[in-house]
Amino acid sequence: MIETRPRIEFNASTLSRGYQTCRSAVQDNFGRFLWMFGNLPGERRNDLQALLYHLTKCIELLDLDSTNGLPLDAWSEIRDDLSDAFLDQYTSLPLMALVATCRKHRIPKQYLFDMLDGADTWIRFREFRTFDDLLVFAYRMGGAPTVAAVSILDFDRPGFEIPAIRAGQGVFLTFMLTNLVRDLKANRVFIAKQDIQQSGVVLNQIKLRHSSSEFEQLVRIYGLRIERLLSDGAPLSGYLEYDGRRSFRSLMSVCREILSTILTRPESLLNPSGVLAKKNWFTLRTRHLLGI
């Protein structure tokens with residue numbers, strides 16, 4: 001007998017609680033960066049946080065492991081629950097908020113499943129042979145959510161998808177690079193196997209926060225690749241309305257500040273306190289608040 005998970009009735013109260021749950025979870029996971037979206041109208045902030053909640057759940061799946069190359073029960077259940085939610089069969093409050101957000105802004109559900117496919121790719125294979133393979137992963141975990149977010153941020157003309165994908169890939173890979181040591185310690189290698197072999201870098205040395213010429217060379221290669229993605233994504237600003245443009249530019253400013261630092265001092269990636277100093281974060285946040 002197949003066990004059926006209990007369904008939640010859709011009404012104004014449950015929907016409100018769904019958005020509240022999303023806000024709490026996103027605050028816990030992305031709280032350090034939410035100031036970039038503080039200028040958005042309250043309703044759009046709520047919708048964006050519902051989307052970020054889904055991304056958070058996909059990122060959490062990266063900790064799962066499938067030793068036989070097959071989907072895990074937890075993974076299958078999440079995918080089924082998302083499919084059911086678009087049929088108005090809700091198993092969680094955040095899913096209710098997510099579907100309401102997608103319907104309100106006409107966001108294709110495919111982007112949500114693309115994010116889940118990104119998690120599935122890592123669960124199944126746990127490595128990326130080439131940088132092109134890593135780029136596909138970066139599309140699913142960065143490009144797809146960015147394209148979806150554009151509808152929430154509000155755009156004034158069509159054709160934004162390509163720069164949104166490039167920007168999303170660049171942003172995702174920027175933060176992936178800043179988490180390099182932490183991911184390696186958790187046995188997550190988000191660097192292409194081919195690049196590791198060609199550079200001659202020793203991953204165990206990076207885990208111990210030891211720099212080397214090989215490490216610095218690899219960091220600079222990735223930094224320049226990511227810079228190109230961000231440059232290709234910069235035109236997205238021209239598609240966005242004022243508030244969304246302001247948030248997007250602040251996000252890009254953070255990524256460029258990080259890249260500038262690691263290209264100048266690759267060893268900053270090994271700093272336990274992070275790449276950017278507190279004064280850098282304060283400056284970036286102040287510029288955003290002032291609308292500069």
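Evaluate the following for Asn46: is it within 21 Å of the chain's Cα centre (by Cα), surrounded by fewer than 18 Cβ atoms within 10 Å (Cβ to Cβ) and outside the structural domain of Gly291 (by TED's automatic domain parsing)? Outline the logic, then answer.
Numbers: within 21 Å of the chain's Cα centre (by Cα): yes; surrounded by fewer than 18 Cβ atoms within 10 Å (Cβ to Cβ): no; outside the structural domain of Gly291 (by TED's automatic domain parsing): yes.
Against the criterion (within 21 Å of the chain's Cα centre (by Cα), surrounded by fewer than 18 Cβ atoms within 10 Å (Cβ to Cβ) and outside the structural domain of Gly291 (by TED's automatic domain parsing)), Asn46 does not qualify.
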Checklist entry - If only one of Ala164, Ala234 is small (Gly, Ala, Ser), in contact with a Ser or Thr (Cβ under 9 Å, 6 or more places away or on another chain) and surrounded by 16 or more Cβ atoms within 10 Å (Cβ to Cβ), which one is it? => result Ala164
Checklist outcome for this item: In the set Leu184, Leu180, Leu203, Leu224, the lone residue that is under 20 Å from Trp122 (Cβ atoms) and exposed (fewer than 15 other Cβ atoms within 10 Å of the Cβ) is Leu203
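Checking the condition modelled with pLDDT under 90 and assigned to a helix (DSSP H, G or I), which residue from Glu43, Glu60 passes? So that I can check it myself, show each step before the final result.
Working: Glu43 fails: modelled with pLDDT under 90.
Sole residue among the options that is modelled with pLDDT under 90 and assigned to a helix (DSSP H, G or I): Glu60.
Quick one: is Ile221 part of a helix (DSSP H, G or I), closer than 20 Å to Phe175 by Cβ, out of contact with any Leu (no Cβ under 7 Å at 6 or more places or on another chain) and of a type in the set (Val, Ile, Thr)?
Numbers: part of a helix (DSSP H, G or I): yes; closer than 20 Å to Phe175 by Cβ: yes; out of contact with any Leu (no Cβ under 7 Å at 6 or more places or on another chain): yes; of a type in the set (Val, Ile, Thr): yes.
The answer is yes for Ile221.
Could you pull out the residue among Glu216, Glu127 that is part of a helix (DSSP H, G or I) and either under 20 Å from Cys255 (Cβ atoms) or among the charged types (D, E, K, R) (or both)?
Values: Glu127 fails: part of a helix (DSSP H, G or I).
From the options Glu216, Glu127, the qualifying one is Glu216.
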Next on the checklist: Quick check on my filter: what residues within the range 182-196 are in contact (Cβ under 8 Å) with a residue 40 or more places away in the chain, over 15 Å from the mean Cα position of the chain (by Cα) and within 14 Å of Leu218 (Cα to Cα)?
Outcome noted: Val189, Ile191, Ala192, Lys193, Gln194, Asp195
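The values are calculated or read from the model by the stated rules, or taken from the named source; none is laboratory data. These numbers come from a predicted model, not from an experiment. Note: ideal-geometry Cβ built from the backbone for every residue, glycine included; neighbour counts use all protein chains shown.
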